[in-house]
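Below is one structure, written out as structure tokens; comments come after it.
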Amino acid sequence: MFRSWWLLSAALVLAGSSMGVLREGNGRSGRNCTAHPPYLPPTAVNTTAQLVALRREMTARDIHAYIIPGTDAHLSEYIAPRDARRAWMTGFTGSAGTAVVTQTRAVLWTDSRYWEQAERQMDCNWELDRDSSINSITKWLIQEVLTGQQIGFDPFLFSIDTFQAFDAKLAPANRTLKSLANNLVDKLWVDRPQIRPDNLTCLPDSVVERTWQQKVEEIRQQMRDNPYKPTAVLLSALDETAWLFNLRGNDIPYNPFFYSYTLLTLDKIWQPPLTPRLRLLLLRLFVHNQRVPEELRAHLSVSPTCEGPLCVQLPGYEEVLPHLRAYVAQPGVRVWIGTEYTTQALYAIITPQEKLLTSNYSPVLISKAVKDEKEQTVLRDAHIRDAVAVVQLLHWLEKNVPGGQETELTAARFVEKCRSNQKFNKGSSFETISASGPNAALAHYSPTNETCRTLRVEEMYLVDSGGQYLDGTTDITRTVHWGTPTDFQREAYTRVLMGNIEISRTIFPAGTRGINIEMLGRRALWELGLNYGHGTGHGVGNYFGVHEWPVGFQSNNIPFQEGMFTSIEPGYYKENDFGIRIEDVAVVVPAKTKFGHGYLTFDTVTLVPYDRKLIKTSLLSPEQLLYLDAYYLKIRSILGPELKTQKLHDECDWLMRNTEPFLSGATAAGPNPTATTLVVMVGLLLAL
């Protein structure tokens, strides 16, 4: 699943009847606020009561505008229903956008992915601005808010960079950003969803190589080795604390995370309530304590009498601010933060500047990005079982789509059911993208009852899906055609595949950044003047987020190291016609070179063949064909036995037919390859 310019959201861009969208009898799909009377589709949400109540609260606090982002207090990509404040205020459920309310106007800023969706979901209380940049928002605020007036915001929902970007524009214009730690929307949202009551859980030893105590010591050693001598590390991203303590939760859809912060110290601290005590090594885990059962407290060495270096304190989730403030008030302390996931609320406390140490990412995120041997092994195992589910789907679709009864939704449900039958499955890792024909041209589309298309033999079909397993997280995209694809479809598909292969087989020096090899995924498309508008890959976790920073191919990703897992997912999308994406997950491994040392390459752990019907072999180089044959040989040798073990004999036969070698003479699907070709293939396989 892609990340970057087109982020997946659980919400759908509804884009016209040609894409399967339900339209009203009058032909309108969105609102018309200039009509008399205004036209609102049945999908629009009445927000009058919310706006009246919010403006009343603003007046009481002398606030002339209020900014409502779409994130949570940990700057998460996926948020819990209780954090969907912007959606509750506006009716708009897209994953990207910022709302601003004044006493007379209410405006939503979002990008082109969501314009049509916003027009269908918002009532006429709201205006839509189609330039979603901070520059556009601040320019509007300067026009609407008078000199010296205050603009309210929740500092827990602003990243450090976001706050500084707003302030850099508003302060010179004498418009004041006023921090309101008590969110105004929360005050109004009477039926706001509660925090899930589920207890936190500990990962079993079978999927863990390093205990949480070992991980804590690794981070502390990095603190000792840092030349700026931090005395504490503050962890704000939800996956940071979960990784450090080998814990999982159920607070965020599709992500096994729980609301938490951690303050890991190395120096003298102030122990509330205002009693100075000397602890050289101490841990504070800020969680909702009622969800930490006794066995987990024992696992974490939680005890009021514990005096050792690995004693965990549980002050309570809401106590992070007073505890951080008390810690920073002490002389000689310095707190290390990763700026990408620390909110303005926490950042503002760490003063003066000499008490602050910043890096883009915390040492925990950097450490988590490199999987240890156990993590690599079990993540590979998870991808084998996941491949079984995807092969079941592809085999089932091939049999049933010609009958004309299957839809985007039935396909999505089928693959989810197949995954649920696999060992250690914990559900999906994101909402399945099941898209046929023109719907697949919307890269972040997910089907609903209103937009679902029947699957047709004559249309291309794209399925991007993934699973959460106790031992790993998966993400895979395959694009198929059951009939006769056009020559352009075959060429576009083959060039997307060429991009996938070229990244997968490239050899590069250790320390190379993904952005420096990302163009390999686009080059074959560029040769035809084609491109795609999303990122080429992202990190993948071990029973974590399907988008795991900071690994990937973007400019703000860290250099590749051995043991990192990333997706590789070029694509192409023809508007109102079809979409193509080919996504695999690969691990960074050492490369064997003739002369040099310290070189790396990728080993693909996804084990599902591509659609042979769409591959135009005449476009592929001999090296690319050799790579494909070696990859297919690996799929056969690993996945074939697993399918037989699970007594999926028809699926195993399907796999064998679809992994026949390409290099077998003049045709792509002829007899078995020559002995020489097999030798080359085995050599390539060993190098993968």
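Grab the eigenvalues of the alpha-carbon gyration tensor for segment 445-508, scale each by 5, take roots, and send me the semi-axes largest first in whole angstrom. Before the final figure, lay out the partial values.
On the way: eigenvalues 125, 103, 14 Å².
Calculated on Cα positions only, the semi-axes equal 25, 23, 8 Å.
Per-residue counts of other Cβ atoms within 10 Å, averaged by peptide: what ranking do you get for 470-482, 218-230, highest first? Kindly include the intermediate steps, with their values, before the conclusion.
Details: 470-482: 24.1, 218-230: 14.8.
Result, highest mean Cβ count within 10 Å first: 470-482, 218-230.
For Lys169, go through the lysines and keep the ones whose alpha-carbon is under 23 Å away, minus same-chain ones fewer than eight residues off.
Candidates past the 8-residue exclusion: Lys139, Lys178.
Let me spell out the model: positive unit charges on the Cβ of Lys and Arg, negative unit charges on the Cβ of Asp and Glu, origin at the Cα centre of segment 525-640. What dipole size does that give, in debye rounded to 20? Could you put the intermediate results ahead of the total?
Numbers: 9 positive and 12 negative charges, 71 e Å.
For segment 525-640, the charge dipole is close to 340 debye.
If I model a spin label at Gln221 and Asn289 as a point 7 Å from the Cα along the Cα→Cβ vector, what separation in nanometres do I get?
3.4
Does a label point 7 Å from the Cα of Lys423, set along Cα-to-beta-carbon, have any residues of segment 381-400 with amide nitrogen under 11 Å, and which are they?
Those under the cut-off are 381-382, 385.
Among DSSP beta bridges whose residues both lie in segment 24-182, state the antiparallel percentage, nearest 5. Provide the component values of the computation, followed by the final result.
Numbers: 9 of 19 bridges.
Taking every DSSP beta bridge with both residues in segment 24-182, the antiparallel ones total about 45 percent.
Can you tell me the alpha carbon radius of gyration of segment 302-399 divided by the globular rule-of-thumb value 2.2 N^0.38 Å?
On the way: Rg = 21.9 Å, N = 98, 2.2 N^0.38 = 12.6 Å.
In units of the 2.2 N^0.38 Å rule of thumb, it is 1.74.
Could you tell me the relative contact order of segment 314-400? Use alpha-carbon pairs under 8 Å, at least six residues apart, and round to a whole percent.
Details: 48 pairs, mean separation 20.8, N = 87.
Over segment 314-400, the number comes to 24 percent.
Under a Cβ-Cβ cut-off of 11 Å, what is the net charge of the residues other than Arg385 that fall near it, where Lys and Arg count +1 and Asp and Glu count -1? Show your work: numbers first, answer last.
Numbers: positive: Arg380, Arg419, Lys423; negative: Asp381, Asp386, Asp471, Glu642.
My count for the surroundings of Arg385 gives -1.
From the phi of every residue in segment 166-177, what ³J(HN,Hα) in whole Hz does the Karplus formula 6.51 cos²θ - 1.76 cosθ + 1.60 yield, where θ is phi - 60° and glycine or proline is x?
5, 5, 5, 8, 7, 4, x, 8, 6, 10, 9, 7
Hey, if you put +1 on the Cβ of every Lys and Arg and -1 on every Asp and Glu Cβ in the chain, which of Gly533, Pro230, Ile558 ends up farthest toward the positive end of that dipole?
Towards the positive end, the residue furthest out is Pro230.
Can you classify segment 111-164 as rounded, prolate or oblate using the Cα gyration tensor, where a ≥ b ≥ c are the square roots of its eigenvalues, rounded means a/c under 1.5, and otherwise it's prolate if a/b beats b/c and oblate if not? Before the final figure, lay out the partial values.
Numbers: a/c = 1.99, a/b = 1.49, b/c = 1.34.
Judged from the Cα gyration tensor, segment 111-164 comes out prolate (a/c at least 1.5, a/b above b/c).
Non-local amide H neighbours of Ala65 (under 5 Å, H modeled in plane, Pro and chain starts lacking H): which ones?
Gly152
Determine, from the Cβ-Cβ distance of Asp191 and Phe488 and an R0 of 45 Å, the FRET efficiency 1/(1 + (r/R0)^6), rounded to the nearest 0.05.
Details: r = 51 Å, r/R0 = 1.13.
The formula returns an efficiency of 0.30 here.
Mind checking the dipole of the chain: about its Cα centre, +1 per Lys or Arg Cβ, -1 per Asp or Glu Cβ, Debye to the nearest 20?
Working: 68 positive and 73 negative charges, 154 e Å.
Here the chain has a charge dipole of around 740 debye.
Enumerate the aspartates and glutamates that Lys634 could reach by cross-link, defined here as Cα to Cα under 15 Å, with residues fewer than 8 away along the same chain left out.
Correct list for Lys634: Asp381, Asp584, Asp603, Glu642, Glu660.
For a quick protection proxy, order the peptides 329-340, 590-601 by their average other-Cβ count within 10 Å, most packed first. Don't jump to the answer; show the numbers that get you there.
On the way: 329-340: 17.2, 590-601: 12.6.
By packing density, highest mean first, the sequence is 329-340, 590-601.
Can you give the FRET efficiency for Asp653 and Thr454, using 1/(1 + (r/R0)^6), R0 = 25 Å, r = Cβ-Cβ distance, to the nearest 0.05? Let's see the in-between values first.
Values: r = 27 Å, r/R0 = 1.09.
It comes out at approximately 0.35.
What is the P(r) of segment 105-261, as percent of Cα-Cα pairs per 5 Å bin from 0?
With 5 Å bins starting at 0, P(r) equals 1, 7, 10, 12, 14, 14, 13, 11, 9, 6, 3, 1, 0.
Along the positive direction of the dipole of the chain (beta-carbon charges: Lys, Arg +1; Asp, Glu -1; about the Cα centre), which of Trp140, Ile638, Val605 reaches farthest?
Trp140
Determine by what factor the alpha-carbon radius of gyration of segment 420-526 differs from 2.2 N^0.38 Å, reporting the quotient. Present the calculation step by step, with values, prior to reporting the outcome.
Values: Rg = 16.8 Å, N = 107, 2.2 N^0.38 = 13.0 Å.
Normalised Rg, Cα atoms only: 1.29.
Could you pull out the GluC sites (Glu not before Pro) across segment 386-483 that fall in loop regions by DSSP (anything but H, G, I, E, B) with no more than 14 other Cβ atoms inside 10 Å? If you can, show how the numbers build up before the last one.
On the way: sites: Glu398, Glu406, Glu408, Glu416, Glu431, Glu450, Glu458, Glu459; in loops: Glu406, Glu431, Glu450, Glu458, Glu459.
Those that pass, being in a loop and sparsely packed, are Glu450, Glu458.
Would you grab the residues whose amide H sits under 5 Å from the one on Phe553? Only those 5+ places off in sequence or on another chain, please, with H modelled 1.01 Å from N.
Residues meeting the criterion, in which the H sits 1.01 Å from N, are Thr536, Gly537.
Which Cys residues of the chain have no other Cys beta carbon under 4.7 Å away?
Lone cysteines by the Cβ rule: Cys202, Cys418, Cys452, Cys652.
Using a basic spin-label model with each label point 7 Å from the Cα along Cα→Cβ, how many nm lie between Val589 and Asn531?
Inter-label distance under the simple model: 3.4 nm.
Starting from the Cα-Cα distance between Lys613 and Ser133, subtract it from 0.36 nm times their residue separation and give me the gain in nm to one decimal. Before the final figure, lay out the partial values.
Working: separation 480, 0.36 × 480 = 172.80 nm, distance 4.24 nm.
This chain segment gains 168.6 nm when fully extended.
Be a star and scan segment 54-73 for residues whose amide nitrogen sits under 19 Å from the point 7 Å along the Cα-to-Cβ vector of Ala173.
In segment 54-73, the label zone of Ala173 (backbone N under 19 Å from the point 7 Å along Cα→Cβ) covers 63-69.
Taking H as built 1.01 Å from N, whose amide H comes closer than 5 Å to the amide H of Lys426, not counting residues under 5 places away?
So Lys426 has HN proximity to Gln468, Tyr469, Leu470.
From the phi of every residue in segment 585-600, what ³J(HN,Hα) in whole Hz does the Karplus formula 6.51 cos²θ - 1.76 cosθ + 1.60 yield, where θ is phi - 60° and glycine or proline is x?
So the J values, rounded to whole Hz, are 9, 9, 10, 7, 10, x, 10, 8, 10, 5, 10, x, 10, x, 9, 10.
How large is ³J(HN,Hα) for each residue in segment 301-308, as worked out from phi by the Karplus curve 6.51 cos²θ - 1.76 cosθ + 1.60 (θ = phi - 60°), to whole Hz, x for Gly and Pro?
6, 7, 7, x, 9, 5, 10, x
Which residue, chosen from Ser95, Ala389, Ile67, occupies the Cα position most advanced towards the positive end of the dipole of the chain, where the dipole is computed from +1 (Lys, Arg) and -1 (Asp, Glu) charges on Cβ about the Cα centre?
Ile67
Taking the Cβ of Val145 as the center, what net charge do the other residues with Cβ under 15 Å away carry, scoring Lys and Arg +1 and Asp and Glu -1?
Numbers: positive: Arg55, Arg61, Arg105, Lys139, Lys169, Arg175, Lys178; negative: Asp62, Glu144, Asp167.
Net local charge, Val145 excluded: +4.
For a Förster distance of 45 Å, can you work out the FRET efficiency between the beta-carbons of Glu373 and His36, rounded to the nearest 0.05? Show your work: numbers first, answer last.
Numbers: r = 69 Å, r/R0 = 1.54.
According to the calculation, E is roughly 0.05.
If you take the C-alpha gyration tensor of segment 171-257, multiply each eigenvalue by 5 and take the square root, what semi-axes do you get, largest first, in whole Å?
Working: eigenvalues 222, 135, 14 Å².
Value: 33, 26, 8 Å, ordered largest first.
Based on DSSP, what percent of beta bridges with both residues in the chain are antiparallel, to the nearest 5?
Values: 59 of 77 bridges.
Beta bridges within the chain, antiparallel portion: roughly 75 percent.
Based on the mean of other Cβ atoms within 10 Å per residue, sort peptides 563-571, 643-651 so the most packed one is first.
Values: 563-571: 26.6, 643-651: 14.6.
Highest to lowest by the protection proxy: 563-571, 643-651.
At 1.567 mPa s and 4 °C, plugging the Kirkwood radius over alpha-carbon pairs of segment 584-635 into Stokes-Einstein gives what diffusion coefficient in µm²/s?
Working: Rh = 12.9 Å.
So the translational diffusion coefficient is about 101 µm²/s.
No value in this document is a laboratory result; all are computed from the given coordinates. No experiment lies behind these values; they were computed from the predicted model shown. Because the Cβ atoms are built from the backbone with ideal geometry, glycine has one as well, and the counts that use them run over all protein chains shown.
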